[in-house]
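This report concerns only the one structure given below.
The values are calculated or read from the model by the stated rules, or taken from the named source; none is laboratory data. Note that the structure is predicted; figures quoted are calculated from it, not measured. Methodologically, a virtual Cβ is constructed for each residue, glycine included, from the backbone with ideal geometry; neighbour enumeration extends over all protein chains shown. With ligands, DNA and RNA removed, areas are computed over all heavy atoms of the protein, side chains included. Shrake-Rupley method; radii C 1.70, N 1.55, O 1.52, S 1.80 Å.
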Amino acid sequence: MSLSRRKTLALIGGGVIFAATAALGAVAARKPRTAQLPWASAGQGGDARHRALSYALLAPNPHNRQPWLVDLSKPDVVTLYVDTDRLLPQTDPYNRQITIGLGCFLELMRMAASHDGQRVTITPFPEGFDDRALDARPVARAVFEADPSVVPDPLFAYALDRRSNKEPFDTARPLPADKLAQLDVAVSTRFGGTVDAQDVAEWRALTHEALRIEIETPRTYKESVDLFRIGRTEVDANPDGIDFTGPMFEVMAATGLFTRAATMDPTSQAYQAGLAAVFANSDTAMGHVWLVSQGNSRPDQIATGADWLRVNLAATAAGVAFQPLSQALQEFPEMAGHCRDVHAKLAPDGGRVQMLARIGYGPAVDQSPRWPLETIIVNV
Ligand SMILES: Cc1cc2nc3c(=O)[nH]c(=O)nc-3n(C[C@H](O)[C@H](O)[C@H](O)COP(=O)(O)O)c2cc1C
């Protein structure tokens, strides 16, 4: 689930928060101290694998759970595992989205290495896989090899500027149709998109409804709420999950106006404000893009992740704001009708709609938190 930070605050606190922000200036000015440092230290390290991994961990991934662990015990090899404590069992019961995030991670690692004179050969699931659940077997084995003929991937130039933009977009600024062609950089999945006003209106309505279902289904909503990190102290302590930082959230964290308990209560102002903020995002989409894969095996999901990262970077290159809206694609029973509708529209002849995002022009947003590289290495 995604909340527009500014809107939420304005709605929950109104004038009270603005007044408190002025009074609690020092609190309001707080920013995370450590949670964004991995963005500044990307590219450092004496080992090519460390340098590539320091970028890989900046990859987009569901709910920013960062479910990646790497074993570096074999020279020149990265063995990637999933941290099974960081899955999303309610909204992602078959770990499809988590696997896509791991595909984003591998592609960013490969791109970074290509700029470091390293060819990376990736074998997904070298010991096999289970399509119903990820397990302790490796997600991928990646072999690094110095190779002066490797072609640096040009999309890598946008890795540090890439964001998921969880703010409302500017409805006064339509997207020119040629932007879609710039975003079509998928290699092994089918890219599609629309900026047509009628289509966009239908997608806005569908994504709005899907968000409503996820939030009104207590167990799927709670999965998000449990991952809320409210204010700088929580974000620095756990730089994963759904982060709320910035002046007004600092004040609300300090004054107890915005708490996990309040957001779980449908009668509370915090809950209503959260709902309104989420809809302010789906309802201001100025276009939509998606990826469809032929199959839906684990390797298909990894390949989807690689393509999704590429599309997200191409959007960054094109100056287009980008936010995945995954709810309608999710496999929990209450969503089945919307998931069917999406497939009837986008994959009438078969295939799996793996990703859907809204695009438009939006305000600049901050880097999201990350755990540092040393915390994901399980075996040096
Ligand atoms: C498979 C997948 C599904 C995602 N679904 C959503 C979503 O439904 N809503 C949303 O706001 N962001 C979604 N995201 C984006 C993540 O929330 C985002 O990547 C993460 O918070 C890190 O932020 P960053 O991309 O700005 O680095 C998704 C990302 C991936 C890879």
Surrounding net charge for residue 297, when Lys and Arg each add one and Asp and Glu each subtract one, Cβ distance under 11 Å: 0
Carbon and sulfur %, accessible surface of the range 73-212 computed with the full protein complex present, 1.4 Å: 50 percent
Over the chain: helical MRE at 222 nm, DSSP H runs n ≥ 4 each giving -39500 (n - 2.57), nearest 500: -12500 deg cm²/dmol
Residue-normalised accessible area of the range 72-136, expressed per residue, 1.4 Å probe, Å²: 40 Å²
Selected from 275, 108, 37 as most flexible by GNM, with the chain as the system and alpha-carbon contacts under 10 Å: 37
Candidates 248, 111, 264, ranked by Gaussian network fluctuation over the chain, Cα under 10 Å, top entry: 264
Signed unit charges on C-beta, dipole axis of the chain, positive-most listed residue 26, 235, 350: 26
C-alpha center-to-center spacing [the range 288-365, the range 29-79] in angstrom: 24 Å
0 to 90° range, to nearest 10: angle between helix 197-216 axis and the chain longest Cα axis: 80 degrees
Loop GluC sites (Glu not before Pro), the range 243-345 (other Cβ atoms within 10 Å of the site Cβ: 14 or fewer; DSSP): 331
Relative contact order computed over the chain (Cα-Cα under 8 Å; 6+ residues apart), in percent: 28 percent
Computed over the chain, Kirkwood Rh from alpha-carbon pairs, angstrom: 21.2 Å
Cα long-axis angle, helix 269-282 against the chain (0 to 90 degrees, to the nearest 10): 50 degrees
Sparse-neighbourhood loop sites, GluC sites (Glu not before Pro) in the range 190-232 - DSSP loop, at most 10 other Cβ within 10 angstrom: none
Debye, to nearest 20: dipole size of the chain, +1 on Lys, Arg Cβ, -1 on Asp, Glu Cβ: 620 debye
Relative contact order (%) - the range 30-126, alpha-carbon pairs under 8 angstrom, separation at least six: 29 percent
Nearest 10 degrees, 0 to 90: helix 336-346 Cα axis against the chain principal axis: 60 degrees
The range 221-291, relative contact order in percent, only Cα pairs under 8 angstrom and at least six apart counted: 22 percent
Per residue accessible area in Å² of the range 254-380, where ligands, DNA and RNA are left out and the probe is 1.4 Å: 35 Å²
Max mean-square fluctuation residue, GNM over the chain, Cα-Cα springs under 10 Å, options 200, 150, 320: 150
Farthest toward positive dipole pole in the range 35-193 [+1 Lys/Arg, -1 Asp/Glu at C-beta], among 36, 175, 89: 175
Alpha-carbon radius of gyration plus Dmax, which is the widest Cα pair, for the range 301-379 in Å: 16.1, 46
Charge sum, other residues only, whose C-beta stays under 13 Å from residue 84's C-beta, Lys/Arg counted +1 and Asp/Glu -1: -2
Protein accessible area in the range 241-342, 1.4 Å probe - carbon and sulfur %: 57 percent
Per residue accessible area of the range 163-232, 1.4 Å probe, in Å²: 46 Å²
